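One structure is given here, and the rest of the page talks about it.
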Amino acid sequence: MTDRTTEDHYSYTLYADPETARTFDDRRFGGPIGGIIADTQARVLAGFIGRIQDRTILDVGTGTGRAALLMARAGARVTGVDASEQMLSVARQRAADEGAAVVFRVGDAHALDFPDRAFDVAISLRTLMHTPGWRDCIAELCRVSSQLVIVDYPSSRSVAALQSALRRAMAAIGRRTEPYRVFSHREIADALAAGGFTVRSMHRQFVLPIALHKAIGSRRFTRAVEGGLDRLGLRKLFGSPVTLVAERCRIS
């Protein structure tokens with residue numbers, strides 16, 4: 001495994017690029033399918049957290065601050081952390097434009113600069129798949145959260161596993177890409193359990209690749225096809241990305 005302190009790992013260098021930061025939201029959440037992804041993210045987070053008003057929430061790997069701002073709009077007291085000052089610059093501008101009182105700080109997901117159980121909820125989206133030391137990241141999320149941890153990841157039982165393998169092969173021959181990893185549910189659940197958390201609920205999004213849905217660019221197609229695959233039971237088996245919420249185990 002790559003040493004988590006290696007600063008030339010792509011998860012540090014790629015997102016330190018100002019152009020990547022400036023265009024990130026459009027590439028991820030733009031267009032009709034990006035809109036579905038954004039709407040689903042908001043709905044799933046709200047459903048997992050329940051009451052958001054006045055809760056303290058840490059968004060780790062906040063990037064351009066989308067999830068942090070969602071929580072702030074709902075009345076949470078939010079802190080966002082990211083290793084990229086360039087991404088945070090976009091996040092701060094968005095918060096200023098909205099008048100949102102989100103605190104954005106440079107920080108590393110592998111070693112969070114907060115006391116134990118400093119937040120009610122710790123969130124980390126689209127981060128584990130890119131970090132060189134994902135177990136360290138989960139351990140830190142569990143350490144700083146007093147109640148809930150929410151993470152997402154591409155499933156090893158989905159077509160994302162094929163794309164991940166291709167990207168890793170391309171990276172091995174020197175191509176510039178994001179050679180992200182995929183995870184099994186057991187890997188994630190075990191890492192959370194080691195931090196004192198147990199999985200409470202999960203959501204799986206797409207059976208077909210997101211890239212395919214974006215290439216077609218039709219909400220109607222995506223909803224019809226994914227709805228049909230869900231009725232066949234395939235989303236439960238192969239859906240990805242997976243978003244899950246884990247709660248701190250109570251000691252009697």
For the subset of the range 203-236 comprising residues that are touching a strand residue (DSSP E or B) at 6+ places or on another chain (Cβ under 9 Å) and polar (S, T, N, Q), which member is farthest from Ala42 (Cα to Cα)? Thr222
Does any residue in the range 2-31 that is among the hydrophobic types (A, V, I, L, M, F, W, C) come within less than 6 Å, Cβ to Cβ, of a residue that is loosely packed, with under 15 Cβ neighbours inside 10 Å and modelled with pLDDT under 75 six or more places away or on a different chain, and which pairs are these? none
Out of Ala83, Ala101, Ala21, which single residue is in contact with an Asp or Glu (Cβ under 6 Å, 6 or more places away or on another chain), at pLDDT below 95 and farther than 24 Å from Ser201 by Cβ? Ala83
Considering only residues that are polar (S, T, N, Q) and touching a helix residue (DSSP H, G or I) at 6+ places or on another chain (Cβ under 9 Å), look in the range 19-64 and name the one that is nearest to Asp82 (Cα to Cα). Thr62
Among residues belonging to the range 141-158 that are over 19 Å from Arg181 (Cβ atoms) and not hydrophobic (A, V, I, L, M, F, W, C), point out the one that is surrounded by the most Cβ atoms within 10 Å (Cβ to Cβ). Ser145
If I filter the range 118-127 for residues that are within 29 Å of Gly228 (Cα to Cα) and touching an Asp or Glu at 6+ places or on another chain (Cβ under 7 Å), do I get at least one hit? yes
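One line per residue, one yes/no per condition, for (1) among the charged types (D, E, K, R); (2) crowded, with 16+ Cβ neighbours inside 10 Å; (3) on the phi > 0 side of the Ramachandran plot; (4) touching a Ser or Thr at 6+ places or on another chain (Cβ under 7 Å):
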{"position": "Ala83", "(1), (2), (3), (4)": "no, yes, no, no"}
{"position": "Gln86", "(1), (2), (3), (4)": "no, yes, no, no"}
{"position": "Ala91", "(1), (2), (3), (4)": "no, yes, no, yes"}
{"position": "Asp113", "(1), (2), (3), (4)": "yes, no, no, no"}
{"position": "Pro132", "(1), (2), (3), (4)": "no, yes, no, yes"}
Could you go through the range 161-175 and let me know if any residue there is surrounded by fewer than 21 Cβ atoms within 10 Å (Cβ to Cβ), more than 20 Å from Thr243 (Cα to Cα), touching a residue at least 12 places away in the same chain (Cβ under 8 Å) and in contact with a Leu (Cβ under 9 Å, 6 or more places away or on another chain). no
May I ask you to verify whether Arg223 is surrounded by 15 or more Cβ atoms within 10 Å (Cβ to Cβ) and of a type in the set (D, E, K, R)? no
Can you name every one of the helices (runs of 4 or more DSSP H) wholly within the range 151-237 that holds 1 or more residues which are within 24 Å of Asp8 (Cα to Cα)? 160-172
Selection over the range 48-77 where residues are within 17 Å of Val151 (Cβ to Cβ) and out of contact with any Ser or Thr (no Cβ under 8 Å at 6 or more places or on another chain) yields a count of 6
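The values are calculated or read from the model by the stated rules, or taken from the named source; none is laboratory data. Bear in mind the structure is a predicted one, so any value in this text is a computation, not a measurement. Heads up, the Cβs are rebuilt from the backbone with ideal geometry, glycines too, and the neighbour counts pull from every protein chain shown.
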